[in-house]
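All remarks here apply to the structure that follows.
The values are calculated or read from the model by the stated rules, or taken from the named source; none is laboratory data. Computed from a predicted structure; not experimentally measured. With ideal geometry, Cβ positions are generated from the backbone for all residues, glycine too; neighbour counts draw on all protein chains shown. Only protein heavy atoms, including side chains, enter the accessible area calculation; ligands, DNA and RNA are left aside. Shrake-Rupley method; radii C 1.70, N 1.55, O 1.52, S 1.80 Å.
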Amino acid sequence: MQAEQLLKLVEDVLDERKALHIKVLDVRKKSSITDYMVVATATSTRHAQSLCEYVVEKVKEQGMHPLGLEGQPGSDWVLLDLGDVVVHVMTGQAREFYQLEKLWSVEGDKSK
């Protein structure tokens with residue numbers, strides 16, 4: 001599955017399952033680890049866990065296997081590594097605290 005197809009699948013599942021404020025970060029020019037990061041807000045810690053479980057289920061239906069799933073039940077931040085796409089699902093409080101969008105939007109110093 002191409003990165004863009006995987007990204008679309010992730011966005012669709014998160015939207016269907018009522019994730020809030022879904023944001024896609026294109027990090028291809030900033031990281032060699034992944035192409036895209038998806039950041040979404042969950043309404044609770046259980047919702048965060050469930051959202052990632054639903055994504056895993058749909059990805060497996062497409063014949064892919066996640067590289068990793070981090071965040072125990074009750075965690076306010078669950079990370080799902082799908083290779084070309086990394087999914088971060090957080091409670092509103094965690095998202096506000098960590099501000100991943102701000103972190104990844106910082107441009108490198110180009111004055112050399």
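Taken together, Val106, Val59 contain a single residue that is modelled with pLDDT of 95 or more and either open to solvent by less than 90 Å² (accessible area, probe 1.4 Å) or more than 12 Å from the chain's Cα centre (by Cα) (or both), which is Val59.
Here's the yes/no breakdown for (1) among the basic types (Lys, Arg); (2) in contact with a Ser or Thr (Cβ under 7 Å, 6 or more places away or on another chain):
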residue	(1), (2)
Met37	no, no
Arg46	yes, no
Cys52	no, no
Gly68	no, no
Gly71	no, no
Leu79	no, no
Val85	no, yes
His88	no, no
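Across region 62-78, the number of residues qualifying as under 18 Å from Leu103 (Cα atoms) and either touching a Lys or Arg at 6+ places or on another chain (Cβ under 8 Å) or open to solvent by 20 Å² or more (accessible area, probe 1.4 Å) (or both) comes to 1. Residues in region 25-56 that are among the hydroxyl-bearing types (Ser, Thr, Tyr) and open to solvent by less than 90 Å² (accessible area, probe 1.4 Å): Ser31, Thr34, Tyr36, Thr41, Ser44, Thr45, Ser50, Tyr54. Just to be sure, is Gln5 in contact (Cβ under 8 Å) with a residue 60 or more places away in the chain and open to solvent by 90 Å² or more (accessible area, probe 1.4 Å)? No; evaluated as a whole, the condition is false for this residue.
Looking at region 8-24, which of its residues are open to solvent by 20 Å² or more (accessible area, probe 1.4 Å) and either of a type outside the set (A, V, I, L, M) or within 20 Å of Trp77 (Cβ to Cβ) (or both)? Even if it seems obvious, please write down each step before you answer.
Let us first name the residues in region 8-24 that are open to solvent by 20 Å² or more (accessible area, probe 1.4 Å), namely 8-9, 11-12, 15-18, 20-24.
Scanning region 8-24 gives Lys8, Glu11, Asp12, Asp15, Glu16, Arg17, Lys18, Leu20, His21, Ile22, Lys23, Val24.
Scanning region 1-44 for residues being closer than 20 Å to Gln99 by Cβ, at pLDDT 95 or above and over 13 Å from the mean Cα position of the chain (by Cα) gives a total of 1.
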